[in-house]
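What follows is a short report on a single structure.
The values are calculated or read from the model by the stated rules, or taken from the named source; none is laboratory data. Since the model is a prediction, treat every value here as computed from it, not as a measurement. Reconstructed Cβ throughout: ideal geometry from the backbone, glycine too, with neighbour counts over all protein chains shown.
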Amino acid sequence: MARENYNFATLILVIVVGVMLTGTRAETYYVGDSNGWMVPQGGAAAYAAWAAQHAFNVGDVLVFNFTTGMHDVAKVTSQDFGPCNANNPISVQRNGPANVTLDSAPQQFFVCSFSNHCSLGQKLQINLNTTSPSPGSSPNAATPPPPPPQGSSAARAAATTFSLIFLYTAMIYLLC
Ligand SMILES: *[C@@H]1O[C@H](CO)[C@@H](O)[C@H](O)[C@H]1NC(C)=O
Ligand SMILES: [Cu+2]
């Protein structure tokens with residue numbers, strides 16, 4: 001094989017690896033950071049503010065940290081989210097800490113079904129990041145995308161930067 005062909009094949013491989021590095025990273029988020037999953041001071045705005053700091057994608061994992069028996073995590077419909085109705089949950093996790101993997105729904109809703117915790121602000125709406133759809137997630141043409149959340153994941157940005165530097169260095173090396 002000619003050296004040029006060998007270099008070209010290697011370049012393609014490098015690009016493929018670079019795209020995989022930037023495109024398939026699932027993130028893990030601790031809901032509420034060090035506060036965990038609790039009745040927040042400041043009401044529901046607390047978890048809304050937390051969510052607004054991140055760009056969520058399909059496959060990302062939310063860790064709801066709570067003491068078993070004190071709280072739970074009920075995934076509910078958008079209709080049940082507003083009035084804090086936890087009587088018809090999509091799913092419930094009762095053991096803390098609880099891991100939830102985000103599916104492809106553009107909006108996902110979680111509440112605590114204990115007492116009036118949800119009404120006091122223990123509720124979380126997740127809007128999936130629509131600016132960079134994950135590979136493998138099926139496009140949902142029927143539903144218009146929700147407005148993208150503000151902010152971005154520092155880890156994902158770092159991975160992208162790393163991959164771009166890696167690509168750039170490899171291309172310079174191969175083409176010179
Ligand atoms: C989860 O909550 C417990 C009890 O508040 C705390 O001790 C622990 O550090 C928390 N874990 C994480 C990862 O934040
Ligand atoms: Cu609770």
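Taking only region 60-106 into account, find how many residues are under 18 Å from TRP37 (Cα atoms) and not in a loop (DSSP other than H, G, I, E, B). Summing the residues that are under 18 Å from TRP37 (Cα atoms) and not in a loop (DSSP other than H, G, I, E, B) in region 60-106 gives 18. For TYR47, the criteria (1) within 16 Å of ligand 2 (Cβ to nearest atom); (2) at pLDDT below 95; (3) assigned to a helix (DSSP H, G or I); (4) of a type outside the set (A, V, I, L, M) hold in every case but one, which is (2). Does VAL61 meet the test of being within 16 Å of ligand 1 (Cβ to nearest atom), surrounded by fewer than 19 Cβ atoms within 10 Å (Cβ to Cβ), under 13 Å from ILE126 (Cβ atoms) and at pLDDT 95 or above? In short, yes. Only one entry of GLN79, GLN122, GLN107 meets the criterion of being touching a helix residue (DSSP H, G or I) at 6+ places or on another chain (Cβ under 9 Å) and away from ligand 2 (no atom under 16 Å from the Cβ), and that entry is GLN107.
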